[in-house]
Amino acid sequence: MRFLWFFILTFFLALGLRAQTPCDTLQQTYIPKDTLMCPYDTLSLKTFANCSFLWSDSTTNNYFIPKGTQKIWVEITKNNVACEDSVRRDTIDITTYGKPEKRLPKIDTFLCPNDSLLLDETQAKTVYLWDFPGKTAKDSTIAKQSYLWVYSDSLKTASFVYPYTVTMTLNCLNALLLDPDPLRYITRDTAKIFFYRPPVVNLGSDTTLCPGESGIVLNALEPSKYLADKYKFIWSNGSTSSSITVQDSGTYSVRVNDVCGDTARDTVHLIVYPEKWTTPAHLLADTSLCKNQTVILDASVDPEFAGIVTYKWLDDTTITAPIRVVTESNAYTVEITDTAKCQRKTTSNVTFEDCGSMLEMPNFFSPNGDGINDVLKVIKADKMTSFEITIHNRWGRKVYSYKGNPEEFAWDGKNGSADVPDGAYYWVAKFADMYGKKYTNNGSVTILR
């Protein structure tokens, strides 16, 4: 009986050992159905004695080097073995890591004071290198993280859009070394972040403009510190732009708001001096005069516009008085400077010619009603075909004018029905000779009652 049991046990043990043939071992070998790996890394299979390999790309090694995600097959043959399962064929889905993805915000991000923002690029098999404004050597550890915290108070000097950039490289050495185009495993991503700085408005000091000067530009925010299109502006003149150009006297103010609820205001006063501030009241325009006559050039400014401090005649800088008498043809230019440092240059081009017909006028008369020298009349007017005369007071205001026959001209010292005050008055006469040539003569007359 013991011999029978020993025979049966020996038989089945031999049967079991005979079932573990080389072909059985081949069929039971582990081959992955799918795998995740780096490009150009090696996928190795277990080798057996007398085994041959055939891959879908016709290679015959016991390993496979994928260049990217793909589906392959491998066929393993057990040589010199007579069994039905001496060939094994399997399909493998290979997925390789690819270029890191961009995950930062695609549009500008706005941060108010004390706000913060997390920039998170966390991905598998990736090496990071951040670059950001104000980065120093002390930030080397932070710069290698997969994420970055941004705080609105990290920038103090200006309110602009700042770039926060990360360079992400696939952490697969063989891919970077063996791929003909290793740059395809590197991604550069940028987030543009706008830091709102509370607006600080400074329109500058109150300003004056001289006659003829162009307007001034008022900037609500300093251009070097603020990105103006991120703020709202309301000017006292209704404008909503970040700056305005002003050239009229007045008070100008602006209010600036941002989306964080901050508001700032400022006001400036502008004084624009009128043109007549430095304009002589009765300085002659370009004119032709008769020879042997004199002309008075008066650059005095009307006294209601005070502040004139200096006069300088450019043809003779030693003359500093506003009034001068000239007898020669020339361009007479006077430079006037007031207490506001406004300057104006005015020129009278005076030409003395042979009139051909002489005009003579008295230099005083006394309209007191005594019947003696009561009116201003022409003393001499030879061969004139036209005649007109205008009389002005010291400040250039017209008090009387006449046009017609010079022999019929007579002024009784009145402005309308009222007597003018005693003093000097200036006349300008325009006339033409028998040849049609036009002349201008002028002079002064004093009223003494």
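Structure notes:
- The set of residues from the range 124-149 being farther than 13 Å from Thr167 by Cβ, in contact (Cβ under 8 Å) with a residue 24 or more places away in the chain and either touching a Gly at 6+ places or on another chain (Cβ under 9 Å) or not small (Gly, Ala, Ser) (or both) comprises Lys125, Pro133, Tyr147, Trp149.
- The set of residues in the range 398-418 being in a loop (DSSP other than H, G, I, E, B), touching a residue at least 24 places away in the same chain (Cβ under 8 Å) and closer than 27 Å to Val301 by Cα consists of Gly413 alone.
- Residue selected from the range 170-192 under the condition over 22 Å from Val150 (Cα atoms) and in a strand (DSSP E or B), by the criterion least open to solvent (accessible area, probe 1.4 Å): Leu170
- Contact map, the range 91-102: first residue open to solvent by 70 Å² or more (accessible area, probe 1.4 Å), second residue outside any strand (DSSP E or B), Cβ cut-off under 9 Å, separation 6 or more or different chains; pairs are Lys99/Arg184; Lys99/Tyr185; Glu101/Glu121; Glu101/Gln123; Lys102/Glu121.
- Test: residue in the range 106-120 that is in contact (Cβ under 8 Å) with a residue 40 or more places away in the chain, in a loop (DSSP other than H, G, I, E, B), surrounded by 13 or more Cβ atoms within 10 Å (Cβ to Cβ) and in contact with a strand residue (DSSP E or B) (Cβ under 8 Å, 6 or more places away or on another chain): no
- Residue match in the range 49-58 (condition: open to solvent by 40 Å² or more (accessible area, probe 1.4 Å) and modelled with pLDDT under 85): yes
- When the residues of the range 326-385 are filtered to those that are assigned to a strand (DSSP E or B) and of a type in the set (D, E, K, R), the one that is modelled with the lowest pLDDT is Glu353.
- Looking only at the range 193-217, residues that are under 13 Å from Ile271 (Cα atoms), open to solvent by less than 60 Å² (accessible area, probe 1.4 Å) and in a loop (DSSP other than H, G, I, E, B) come to 3 in all.
- Qualifying residues in the range 391-422 (those that are among the charged types (D, E, K, R) and over 13 Å from Ile447 (Cα atoms)) - the one nearest to the chain's Cα centre (by Cα): Arg397
- Each residue in the range 225-240 was checked for being open to solvent by 50 Å² or more (accessible area, probe 1.4 Å), part of a loop (DSSP other than H, G, I, E, B) and farther than 19 Å from Phe110 by Cα, and 4 pass.
- Assessment of the range 305-316 against the conditions (among the small types (Gly, Ala, Ser), touching an Asp or Glu at 6+ places or on another chain (Cβ under 8 Å) and modelled with pLDDT under 90) yields at least one matching residue.
- The set of residues in the range 33-48 being in a loop (DSSP other than H, G, I, E, B), open to solvent by 20 Å² or more (accessible area, probe 1.4 Å) and touching a residue at least 40 places away in the same chain (Cβ under 8 Å) consists of Lys33, Tyr40, Asp41.
- Some residue of the range 423-437 being free of Cβ contacts under 8 Å to residues at least 60 places away in the same chain and in a loop (DSSP other than H, G, I, E, B): yes
- Counting the residues of the range 325-379 that are among the aliphatic types (A, V, I, L, M), more than 16 Å from Ile296 (Cα to Cα) and touching a Lys or Arg at 6+ places or on another chain (Cβ under 8 Å) gives 3.
- Selection count where residues are of a type outside the set (D, E, K, R) and over 17 Å from Thr207 (Cα atoms), scope the range 237-259: 9
- Here Ile391 passes the criteria (1) surrounded by 14 or more Cβ atoms within 10 Å (Cβ to Cβ); (2) modelled with pLDDT under 85 except the one numbered (2).
- Restricting the range 241-270 to residues that are hydroxyl-bearing (Ser, Thr, Tyr) and under 16 Å from the mean Cα position of the chain (by Cα) leaves a set whose member that is most open to solvent (accessible area, probe 1.4 Å) is Thr245.
- Residue selected from the range 254-269 under the condition out of contact with any Leu (no Cβ under 8 Å at 6 or more places or on another chain) and part of a strand (DSSP E or B), by the criterion farthest from Phe233 (Cα to Cα): His269
- If you go through the range 315-348 and keep only what is without any contact (Cβ under 8 Å) to a residue 60 or more places away in the chain, more than 25 Å from Lys291 (Cβ to Cβ) and surrounded by 16 or more Cβ atoms within 10 Å (Cβ to Cβ), you end up with Pro322, Glu335, Ile336, Thr337.
- Residues satisfying the stated conditions in the range 80-90, i.e. open to solvent by 80 Å² or more (accessible area, probe 1.4 Å) and part of a loop (DSSP other than H, G, I, E, B): Asn80, Ala82, Glu84
The values are calculated or read from the model by the stated rules, or taken from the named source; none is laboratory data. In this text, all values refer to a predicted model and were calculated from it rather than measured experimentally. A quick note on method: Cβ atoms are made from the backbone with ideal geometry, for glycine too, and the neighbour counts reach across all protein chains shown. Quick note on the areas: whole protein, heavy atoms, side chains included, nothing else; ligands and nucleic acids left out. Shrake-Rupley method; radii C 1.70, N 1.55, O 1.52, S 1.80 Å.
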